[in-house]
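Everything below concerns the one structure shown next.
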Amino acid sequence: MKVGIFGGTFDPVHMGHMVIAEQVMGELGLARVVYVPGGIPPHKEASSVRASAEDRFEMVEAAVEGNERFSVDRVEVDAGRPMYSVETVQILKERAPDDEWFFISGADEVSNLLAWKDPDRLLEEVVMVAATRPGFDLSKLGHLEAGLRNFDRIFPVECTRVDISATGIRRRILQGKSVRYLVPEGVYRIISDRRLYEGDEKRSGQGGRLKEETR
Ligand code: ATP
C-alpha cells in the first residue's frame with residue numbers, strides 16, 4: 001500500500017493543505033495520507049509558532065474528519081522536542097514496514113532540501129513529493145541534483161494553485177477579517193471558539209502545553 005506523510009506546522013491547517021493532500025493522493029494512487037503536525041518544528045523559531053501544539057493538532061483532527069483516507073498522528077506533538085522529518089518517517093515506517101512511503105511537501109520547501117537533516121537518508125526512506133505552490137517554477141529544483149545522491153527520489157506533482165498560506169490567515173485574523181472558507185469548517189469553529197490568532201500573545205485552550213512548547 002502506498003501511504004503519504006504530510007508534515008507541517010499547520011498553524012493553522014488550511015484549504016491549500018487539504019487540496020494538495022487530496023490531489024497528490026489521487027495522482028500517485030496513495031491509499032491514505034497521514035498528517036503530522038510538528039510539536040516544536042526545528043526549522044522555525046518556537047516563538048514564531050502562534051498556536052499551541054495541542055490546538056494545531058486538534059485543528060488538523062477537525063480538518064480530516066469525514067475523510068476516511070486522511071488521518072492525523074501525534075508522534076511529533078507528543079515528542080515534546082523538535083523532531084526532524086528523517087526521524088519522524090522512521091518511526092511511522094516501523095509501524096507499517098511493508099507500506100511504500102511518500103513524504104508530501106510544498107515545492108518551495110523541497111527546493112531547500114539541502115538544509116534539511118540527512119536529506120539523502122530521508123530520500124532512502126521515502127519518495128519526496130514536491131507539490132507545486134502558487135508562483136513556483138519547478139526548474140528551481142534542478143540545483144538539488146548536484147547535492148543529492150538520491151535526487152531521482154524527488155517527484156514533482158502539479159496541484160491546483162490555491163493561494164492560501166497560514167501566514168495570510170493569521171494576518172487576516174489580526175486585521176479582524178473573516179477566514180471562513182479559507183479553512184475547513186471545523187477548523188474555523190475552533191479558531192473562533194478559542195479566539196486563536198487574535199492577539200500578539202500566544203493563546204491556547206490548554207495553558208499547560210503552551211509553556212512546554214515555548215521551552
Ligand atoms: P506559513 O505561512 O506559516 O509558513 P504554510 O501555509 O506554508 O505556513 P505549513 O504548515 O508550513 O503552512 O505547510 C506545510 C506544507 O504545505 C509545506 O510543505 C508547505 O510548502 C505546503 N503548503 C502550504 N500551503 C500551500 C499551498 N497553498 N499550496 C501548496 N503547498 C502548500
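Scanning region 136-155 for residues being open to solvent by 60 Å² or more (accessible area, probe 1.4 Å) and either in contact with a Cys (Cβ under 6 Å, 6 or more places away or on another chain) or within 15 Å of the ligand (Cβ to nearest atom) (or both) gives a total of 3. Across region 168-179, the qualifying residues are those that are assigned to a helix (DSSP H, G or I) and among the β-branched types (Val, Ile, Thr), and the one among them that is farthest from the ligand (Cβ to nearest atom) is ILE173. Screening region 1-17 for residues that are in a strand (DSSP E or B) and more than 10 Å from the ligand (Cβ to nearest atom) and picking the one that is surrounded by the most Cβ atoms within 10 Å (Cβ to Cβ) gives GLY4. In region 53-69, is there at least one residue being more than 14 Å from the ligand (Cβ to nearest atom), within 23 Å of GLU125 (Cβ to Cβ), open to solvent by 10 Å² or more (accessible area, probe 1.4 Å) and outside any helix (DSSP H, G or I)? The answer is yes, given that some residue of region 53-69 is more than 14 Å from the ligand (Cβ to nearest atom), within 23 Å of GLU125 (Cβ to Cβ), open to solvent by 10 Å² or more (accessible area, probe 1.4 Å) and outside any helix (DSSP H, G or I).
Name the residues in region 71-99 that are open to solvent by 40 Å² or more (accessible area, probe 1.4 Å) and farther than 14 Å from GLY38 by Cβ, would you? Across region 71-99, the qualifying residues are SER71, GLN90, LYS93, GLU94, ARG95, PRO97, ASP98. For region 162-181, the set of residues classified as in contact with a helix residue (DSSP H, G or I) (Cβ under 8 Å, 6 or more places away or on another chain), touching a residue at least 24 places away in the same chain (Cβ under 8 Å) and of a type in the set (Gly, Ala, Ser) consists of SER165 only.
Condition check for GLY135 on (1) at positive phi; (2) modelled with pLDDT of 95 or more: one failure, at (2). Among residues of region 131-152 that are closer than 14 Å to ASN112 by Cβ, those with a beta-carbon under 6 Å from a residue that is within 15 Å of the ligand (Cβ to nearest atom) and charged (D, E, K, R) at least six positions away or on a different chain give the pairs ARG133/ASP108; PHE136/ASP108. Considering region 100-122, and only residues there that are in a helix (DSSP H, G or I) and more than 16 Å from the ligand (Cβ to nearest atom), the residue that is surrounded by the most Cβ atoms within 10 Å (Cβ to Cβ) turns out to be ASP120. Evaluation of ILE20 against the conditions (1) open to solvent by less than 60 Å² (accessible area, probe 1.4 Å); (2) more than 19 Å from ILE169 (Cβ to Cβ) shows that the sole unmet condition is (2). Here TYR188, TYR197 are screened, and the one residue that is open to solvent by 40 Å² or more (accessible area, probe 1.4 Å), touching a Leu at 6+ places or on another chain (Cβ under 9 Å), modelled with pLDDT of 95 or more and within 24 Å of VAL77 (Cα to Cα) is TYR188. Residues in region 156-167 that are of a type outside the set (D, E, K, R) and in a loop (DSSP other than H, G, I, E, B) were compared, and the one that is surrounded by the most Cβ atoms within 10 Å (Cβ to Cβ) is CYS159.
Filtering region 40-50 for residues that are touching a Lys or Arg at 6+ places or on another chain (Cβ under 7 Å) and either open to solvent by less than 10 Å² (accessible area, probe 1.4 Å) or in a loop (DSSP other than H, G, I, E, B) (or both) leaves a non-empty set.
The values are calculated or read from the model by the stated rules, or taken from the named source; none is laboratory data. Since the structure is predicted, the reported quantities are computational estimates derived from the model, not experimental observations. Positions of Cβ are generated from backbone atoms using ideal geometry, with glycine treated the same way; all protein chains shown enter the neighbour counts. What goes into the accessible areas is simple: the full protein's heavy atoms, side chains included, and nothing from ligands, DNA or RNA. Shrake-Rupley method; radii C 1.70, N 1.55, O 1.52, S 1.80 Å.
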